[in-house]
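Just below is one structure, and these are the notes that go with it.
The values are calculated or read from the model by the stated rules, or taken from the named source; none is laboratory data. The model shown is predicted, which means the values in this text are computed figures rather than measured ones. Cβ coordinates were reconstructed from backbone atoms using ideal geometry, including for glycine residues, and neighbour counts include every protein chain displayed. Ligands, DNA and RNA are stripped out before the accessible areas are found, and what is left, the full protein with its side chains, is counted by its heavy atoms. Shrake-Rupley method; radii C 1.70, N 1.55, O 1.52, S 1.80 Å.
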Amino acid sequence: RQAQEAVFAQDTEANIREKKSGEVRTAMGLHLRHPIFDRLSHHPRLVEPARQLLGPDLYIQQTKINVKAAFDGEAWQWHYDFATHHAEDGVPEPLALNLHVFLEDVNEFNGPLYFIKGSHRYGPAPSYHDTTTTSYPLWCVERDTIANLIEEGGLISATGPAGTGLIFGDVMVHGSPPNMSPWDRPIFSLILNPVANRQTKFARPEYKHHTDFTPVTALSDECLMQ
């Protein structure tokens with residue numbers, strides 16, 4: 001959390017701010033900006049489960065904190081990450097994993113992530129590019145599709161105490177409501193992608209999709225304390 005304060009204080013386009021309040025919405029490229037987040041991106045409790053699921057040769061595609069500030073954190077529309085990875089970066093297949101760590105407690109009141117259960121089984125849903133709803137352009141899923149997916153699978157919210165880990169795949173449909181509570185909801189996100197599935201387009205800046213395809217290595221379990 002101290003490292004978070006340091007990167008949020010930086011004057012950089014990699015800190016994307018809320019449309020209305022000006023609070024930081026997303027801070028990106030964190031492993032390039034602070035040694036703590038560089039080490040967290042190599043933490044074995046994130047890297048090793050990802051390797052178990054995807055194989056040994058994974059690169060750091062993106063690191064960020066989605067914060068959803070107290071009172072001012074705006075919604076994230078219904079979406080799945082592969083829509084952006086494919087359309088913007090030319091990632092061929094929906095293989096990347098999103099590995100989260102809750103930096104504060106996440107409860108039902110401070111804007112938890114909502115997941116549509118089983119939505120990954122249907123593959124990439126049709127999507128559209130929403131450039132107006134929030135300050136962050138996002139490839140979103142149409143309401144009719146969302147309604148059908150929820151009717152089929154139902155919803156679950158991802159809550160838990162600070163330090164909780166959460167892993168989900170590239171076509172899992174999710175979103176989150178505004179944060180009306182007095183509690184911040186910062187979540188660290190590391191996206192790892194197989195090197196063989198790396199991006200083929202290079203239009204976005206480095207902080208949005210890292211272009212070093214060297215396979216990530218795991219540090220020791222005490223790496224954050226060193």
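Sum -39500 (n - 2.57) across every DSSP H segment of at least 4 residues in the chain, then divide by the residue count to get the 222 nm mean residue ellipticity, nearest 500.
Dividing the helical sum by the residues of the chain leaves -5500 deg cm²/dmol.
Net charge around Asn66, counting only other residues with Cβ within less than 10 Å of its Cβ (Lys, Arg = +1; Asp, Glu = -1)?
Net charge around Asn66: +4.
Rank Glu206, Glu5, Glu142 by accessible area, highest first, at a 1.4 Å probe radius?
Sorted by accessible area, descending: Glu5, Glu142, Glu206.
Sort 100-113, 124-137 by packing, meaning the average of other beta carbons within 10 Å per residue, with the highest value first.
In descending order of packing, they fall as 100-113, 124-137.
Taking only protein heavy atoms and a 1.4 Å probe, what accessible area per residue, in Å², does the chain have with all protein chains in place?
Accessible area per residue, the chain: 48 Å².
What does the charge count around Leu224 come to, taking other residues whose C-beta lies under 13 Å from its C-beta (Lys +1, Arg +1, Asp -1, Glu -1)?
That sum, taken over residues with Cβ under 13 Å, equals 0.
Of all the accessible heavy-atom surface of the chain, with the other protein chains kept in place and a 1.4 Å probe, what percent is carbon and sulfur? Before the final figure, lay out each step's value.
Working: 5700 of 10780 Å².
Of all accessible area on the chain, carbon and sulfur atoms account for 53 percent.
Once you have a ≥ b ≥ c as the square roots of the Cα gyration tensor eigenvalues for region 47-143, tell me rounded if a/c is under 1.5, and otherwise prolate or oblate according to whether a/b is larger than b/c.
Because a/c hits 1.5 or more and a/b fails to exceed b/c, region 47-143 counts as oblate.
What is the extension gain from Phe71 to Arg1, computed as 0.36 nm multiplied by their sequence separation minus the C-alpha to C-alpha distance, in nm to one decimal?
Length gained between Phe71 and Arg1: 23.3 nm.
Just add up the charged neighbours of Tyr128: K/R +1, D/E -1, any other residue whose Cβ is under 13 Å from the Cβ of Tyr128.
-2
What would the Debye formula give as log10 I(q)/I(0) at q = 0.13, 0.16, 0.18 Å⁻¹ for the alpha-carbon point model of the chain, no solvent?
-0.74, -1.20, -1.58
Using 0.36 nm times the number of residues separating Glu151 and Leu32, minus their current alpha carbon distance, what extension gain do you get?
Net length gain for the segment: 38.7 nm.
Arrange the residues Val47, Val195 by how much accessible surface each exposes, largest first, with a 1.4 angstrom probe. The partial results should precede the final answer.
On the way: Val47 0, Val195 30 Å².
Descending accessible area places them as Val195, Val47.
So which helices of the chain fit the span-like rule, where a helix is a whole DSSP H run, its Cα atoms reach 24 Å or more along the axis, and its mean Kyte-Doolittle is at least 1.0?
The answer is none, since no helix passes both cut-offs.
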